[in-house]
Every structure is written in structure tokens, then in C-alpha cells.
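Remarks on the structure that follows.
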Amino acid sequence: MVHETQDSVGASQKSGNDVYTVPHFIGGKKLLPQGRTLDIYNPATGSVIGQVGVANSHTVDQAVQAAKSAFISWSGTTPPQRAKILFRFKTLLEQNRDQLIRYITQEHGKTLSEAQGSLQRGMDVVDFTCGIPSHLKSAYAGDVGTGVDSYSLYQPLGVCVGITPFNFPAMIPLWMFPMAIACGNTFVLKPSEKDPSCALRMVELAKEAGVPEGVVNLVNGDRETVDALITHPDVKAVSFVGSSTVAEHVYTTATAHHKRAQAFGGAKNHCVVMPDADLDQAAQALVTAAYDCAGERCMAISVVIAVGDQVADKLVEKMKPLITNLKIGPGSKAEVQMGPLVTREHLEKVKSYINIGKQEGATLVVDGSEYKPAEHRQGFFMGGCLFDHVKPGMRIYNEEIFGPVLSVVRVPDFETALQLINDHEYGNGTAIFTNDGYTARTFADKVQVGMVGVNVPVPVPVAYHSFGGWKRSIFSDIGMYGNDAIRFYTKLKTVTQRWFAKDKI
Ligand code: NAD
């Protein structure tokens, strides 16, 4: 069990029947939930292992007030002072890596290696924050007039809020709060209610690293908590990652309440495979990109656009055995390649698309929908599924399924492939497999998608670039982490100054 070892600050309280309770974390102290609670499952066993409270508007106000008070002194610290604390935080994350990974796998279900990789991606953002003095350096123009100089300052906003999805319990919180506090803000994090323990532990580690009480707070909950946060008068900025419907709600509500907001939504990522591509390489990469993390990644590939029937036939033949041979089981087992889905409800939703696709006339080439590993019949498992002859307009093409279901669409040429991607409502990630530089360059230039891979199926930008999709995958103009986050978490002030010699006054 994840919570057998109590942490120095204490990740949870255990009750008699071994079900733990995840507290809020406000002003540097744990606060046990009162009122409504939600169950946390181990997706590999299907059993309830924990409970998490739903913070109401009173608890949310406590967290925001703690952050507001802490802002007074935190915003007065220097960037080098903050960098030193963030460097200690980075070291503590490294030292506690195994524990954080176990938390992720136990509550989310993903494999330990996937958990490790995603934690590392989050830690890369913390690395970036260690250079905050340099990132906050601004522009200076001397002599804009006679004896007049002008310079810019990037100043913090105040209390910032982060609301995160279930699929990256470490990485996405780490996209947000380290960047926000590095810029001098204070923070209230609302992690996913499905897997909150990792986020809680990271917030505790931030305190151990020297982040003062109240600078980073955490409240658990669902819509009630989110709505209290995004309408709170003392909250200045909201970062959100989740499904598009909720992203739109959060963005419109937060901005209507005069907050800066960025809300990242869902995805339907297409990968074009050209006739000149290495099809063995492409097939292997596509299976990894579609089925790792059970397809529960906003950058997973869920549509393959095969250019030409020959490419489609060969690709499907090459992918079939790779999909049927995927090792499926609890993410905690070293040999497992694909873990369970996050909840029974989500599993049923994903499985419902298999019937929808068949009714819509797509060809179900691999049907893993009823697969359960032996000894784990109660877990939220299914196997990989592959549809061929999928067409635009079908629900399995239009909608985000967010599970291990890959669709193959056949098109006659590159132009049709490009048009399909550009016509889709989502625009998070995309990729092309080709050996032709001109085709690759044209694709990267013309495609209406925020993150593009050339022979790279999951093109997640590194921490010193910025992350963000286009179209209905984002409600904002500003990306996560990197320089975009510096802009998001600061406001620009420009000073124009002239000094007179004392004897001239
Ligand atoms: P979700 O939208 O259900 O939940 C996200 C967060 O919003 C959670 O903290 C949840 O408690 C809260 N929430 C849920 N319903 C709400 C409501 N009605 N009002 C206010 N708040 C609400 O998303 P999820 O199921 O946790 O995560 C999966 C989704 O996130 C997928 O659509 C995936 O594509 C998307 N995602 C996007 C990115 C990206 O960067 N674009 C990254 C990861 C995940």
C-alpha cells in the first residue's frame, strides 16, 4: 500500500479498515476533510483504497486567504532566493522519486516506467525554475530620450490557482505551481480527485524544501471546489488542464470574474504515415503512442492517417500482433506494458465506443474490449482495440475516446491527410512519418496543430520550450511552462525614467 510509510509531514490518515483519507494542505498544515467525500480506487484491483474530501467554499476561502497572506512576504523575496528553494525542492523530488511513482501507479494505474517518465517531465520544469533570475531578466533601453531610460519589470500577480486532470498526477501540477511561485506568486492547487496523493506529497516536499507556509496550498474536490476557486475575488489567475467541456467552462467563468486564465482541453491526435516511411518503425512507434498509459494521454495518437491503401494494409498487418501481444496487467509489475483504465465508469465509456464504431461501419480489426488479465478480474482492464476504415463524421473519429482505441483512416494523398487534420475541432498534437524532407517541412508549416512531430509520434515539448495545443484543445493564447509561463504568471510593468542633477533642480 502506498500509504504504509507515513511521510514526515504525513500524506494521509489511515482508518481502521485500511482506507486512507487524503487531507487538504492549507497554510503549511494538513486539514482533514469535513462533509462530502469521494472514493479513490486502485484501478488494478477495482477496490476502494482511499477517500478524498470535497472542499466547499469555506475551505477554499481558507486556502485562498492563506495564499493571500503569504504573498506579502513571498513576493518580496528575490528571484535568487526563490531559485535556491526550488533547487532544494528539485533535490527532494529526486530523493523521493520512488515513493511518488508508487503513488501514481497505485491511484492512476499506469506502469511504473510511465509514472517515472512523466514525473521526470515534471521535474524538468522544476529544473527550469532554478534559472528564474535569468528568466525574469527584462529589457532595458537606455537613452530613449535625452537623459531618459526605459525598462520593463515582470511582477507577480498574487494568488494563482491550478486545476489538474487525473492522467498526469505529478507532471501537470509540476507544470504549474513551481513556475508560479518562482515568479513570486502564491498558489492553490486542486488536483484530480481520482489520484490526489502524489500532488499532496509534492506540496509537502515543497514545504520541506523551505517554501514558506501558505505559499503553496492544496484543496481537494470536484466541480463544487473548482467553481469556488475560479470565482473567488482574491484569485488573480487560473491554470486548468482537463477535458474541453470543462476547460471552456473554467475559462469563460474565470475570465468573466476578471481573472487571467489558461485552460487546456482534450485532443484527437492524428499521425500521417506516408508511403515512403519505414513502416516497421512507424508501426512500432504508433503502438507505443496509442496504447502506452492505456491511451489516457492528451498527446496519445488516436488516429492514423494512412496515405494509400497499400500503406494502410501493411500497417494494420504490422500493428495487429504488436497490439494483441501487449502485456496487460497491474502497472506495478515490471513486465507490464499497459495498465488498467482509471475508473470503472471511464472503462465503460471507452468500451461503449467499440459498439458505436461497429454500428457506424468501421472494421474492428483487433477487439480487446473484454480482455481481463487472470487474477485481476475486478480491475478496470481492457485490451487494445484497432479500427480500420474509419471515416470523418463517425463518432469514433470525431470524439476523444481517451482509451486504448486506435483508428485507421485511409486517404489517397498527403493533401487530403493535411485537410482532415486541419478540419478537426481538436489541435493538440500531431505527427508525420516520412523520409521526405519537403513533405515533412510542408506538414510542419501548414498543419493547424500546436505541437508537431516529424518521425516523433508524441512530440511533447521540452521544459525550455512551451506546451500548448490549438483550436478546441486550448482556451487561451499562452502555453504552459517555458517562457510562456513566465508571461502567464507575471504582469508587465514598463518604467520610463529621467534623473536630474541635484544642482539643476
Ligand atoms: P476533467 O475535465 O474531467 O477534470 C479535470 C479537472 O476538472 C479535475 O480536477 C476535476 O475535478 C475538475 N472538474 C471535472 N468536472 C468539472 C466541472 N464540471 N466543473 C468544474 N471542474 C470540473 O478531465 P480528466 O478526466 O481528469 O482528464 C482527462 C482529460 O484531460 C482529457 O480530455 C485529456 O485530453 C485532457 N488533458 C489535456 C491535456 C492538455 O494539455 N491539453 C493534458 C492532460 C489531459
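The values are calculated or read from the model by the stated rules, or taken from the named source; none is laboratory data. In this text the structure is predicted, and so the values were computed from the model without any measurement. Don't worry about glycine lacking a Cβ; one is built from the backbone with ideal geometry, like all the others, and counts go over all protein chains shown. We work out accessible area using only protein heavy atoms, side chains counted, and drop any ligands, DNA or RNA first. Shrake-Rupley method; radii C 1.70, N 1.55, O 1.52, S 1.80 Å.
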Return the calculated 222 nm mean residue ellipticity for the chain, to the nearest 500 deg cm²/dmol, obtained by summing -39500 (n - 2.57) across DSSP H runs with n ≥ 4 and dividing by the residue count. -11500 deg cm²/dmol
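Provide the gained length on full extension for the span residue 94 to residue 416, in nm with one decimal, where the gain is 0.36 nm per separating residue minus the Cα-Cα distance. Please report the intermediate quantities before stating the final value.
Working: separation 322, 0.36 × 322 = 115.92 nm, distance 4.63 nm.
Going from the current span to full extension adds 111.3 nm.
For 493, 207, 110, 137, write out the residues from largest to smallest accessible area, computed with a 1.4 angstrom probe and no ligands counted. Display every interim value, and only then the final one.
Details: 493 90, 207 70, 110 5, 137 145 Å².
Ranking 493, 207, 110, 137 by accessible area, largest first, yields 137, 493, 207, 110.
Using alpha carbons only, what's the Rg to Rh ratio of region 27-178 with Rh from Kirkwood? Intermediate values should be presented prior to the final figure.
Details: Rg = 20.1 Å, Rh = 18.6 Å.
Ratio value, two decimals: 1.08.
Multiply the residue gap between residue 255 and residue 146 by 0.36 nm, knock off their C-alpha separation, and tell me the result in nm, one decimal place. The partial results should precede the final answer.
On the way: separation 109, 0.36 × 109 = 39.24 nm, distance 4.12 nm.
Once the chain is fully extended between residue 255 and residue 146, it gains 35.1 nm.
Just to check, using Stokes-Einstein with a Kirkwood Rh over alpha carbon pairs, what's the diffusion coefficient of the chain at 37 °C and 0.692 mPa s in µm²/s?
Numbers: Rh = 23.7 Å.
Roughly 138 µm²/s, to the nearest whole number.
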At a probe radius of 1.4 Å, what is the per-residue accessible area of residue 57, in Å² to the nearest 10? 80 Å²
If you take the alpha carbon radius of gyration of region 269-454 and divide it by 2.2 N^0.38 Å, what ratio comes out, to two decimals? 0.99
Suppose we take every Cα in region 315-356 and form the convex hull; what volume per residue is that in Å³? 86 Å³
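Under the Kirkwood approximation for Rh and a Cα-based Rg, what ratio Rg/Rh is obtained for region 196-249?
Working: Rg = 13.1 Å, Rh = 13.0 Å.
Taking Rh as the inverse mean 1/r over Cα pairs, Rg/Rh reads 1.01.
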Ordering 90-103, 401-414, 178-191 by per-residue average of other C-beta atoms within 10 angstrom, highest first, gives 178-191, 401-414, 90-103
Apportionment of accessible area to carbon and sulfur, region 269-454, percent (1.4 Å): 47 percent
Loop only by DSSP, 10 or fewer other Cβ within 10 Å of the Cβ. Give me the GluC sites (Glu not before Pro) in region 322-420 that pass, ordered by residue number. 335, 370, 375
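Using a 1.4 angstrom probe on the protein heavy atoms only, line up 365, 219 by accessible area, largest first. Intermediate values should be presented prior to the final figure.
Details: 365 45, 219 0 Å².
The most accessible residue leads, giving 365, 219.
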Would region 218-369 count as rounded, prolate or oblate if I go by the C-alpha gyration tensor, calling it rounded below 1.5 in a/c and otherwise prolate when a/b exceeds b/c, oblate otherwise? prolate
Gyration tensor (alpha-carbon) shape descriptor, region 132-235, a/c threshold 1.5: prolate
Any idea of residue 320's accessible area? Nearest 10 Å², probe 1.4 Å. 60 Å²
